[in-house]
Each structure stands twice: as C-alpha cells, then as structure tokens.
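Have a look at the structure below, then the notes.
The values are calculated or read from the model by the stated rules, or taken from the named source; none is laboratory data. None of these values were measured; they are calculated from a predicted model. Note that we place each Cβ from the backbone using ideal geometry, even for glycine, and neighbour counts take in every protein chain shown.
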Amino acid sequence: MFLISAIAALAEEKEEEEEEAKSPVIPVEVLALVLPHLDTLSLCQAALVSKAWLEVSRNPDVWQTVTIKNEQISSRVSVVILPSMTSSL
C-alpha cells in the first residue's frame, strides 16, 4: 500500500509541475504590483492560477481596496484564500 501511495503522490507532483511549466512565469514582484489593481472577482480567480499566484494573493497588501458587491465567489476561493488572510490580520 505504501508503495502505491508513494507512486501516486509522485505522479500527482509531476503533473502539477508539468501544469505550472505550461504557464508563463511572471516574477512575484510583478504579480505583487499588478494584483492590487484587479477587481475582487478577478483577484479571486487569479489566486487559483497557480501556487505562486496564490501565495502572492494571500498578501494582505493585495487586498487593500476590495469591494464586495452582489458578486458570487466560489466556496473554493473562500476556503483557499480567506483563512490565510484572517490569520495574518
């Protein structure tokens, strides 16, 4: 059983690496400058692009001008982003 789980974990990790390799790499510094200018919904969607984008989107400085109107935000977004933000406040 252990061998099967280890192989599955390696396959999943390789798949994630391949997926991230397909998308162009944008320096974290550039993302940190661009993301605060997105509207709330776009910022939430940007957080789901990759692990790097998620990490940048978790920075409270990125969320300085968030306005929530009558927009629907996926529960996946709120589970991924919001807990990390409330812990840093």
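Before moving on, here are some points about what is shown:
- Residue within the range 33-51 that is modelled with pLDDT under 75 and surrounded by 10 or more Cβ atoms within 10 Å (Cβ to Cβ) present: no
- Sole residue being at pLDDT 85 or above, surrounded by 10 or more Cβ atoms within 10 Å (Cβ to Cβ) and either of a type in the set (Gly, Ala, Ser) or assigned to a helix (DSSP H, G or I) (or both), chosen from Val30, Val77, Val62: Val30
- Ser5 being small (Gly, Ala, Ser), in contact with a helix residue (DSSP H, G or I) (Cβ under 9 Å, 6 or more places away or on another chain) and at pLDDT below 85: no
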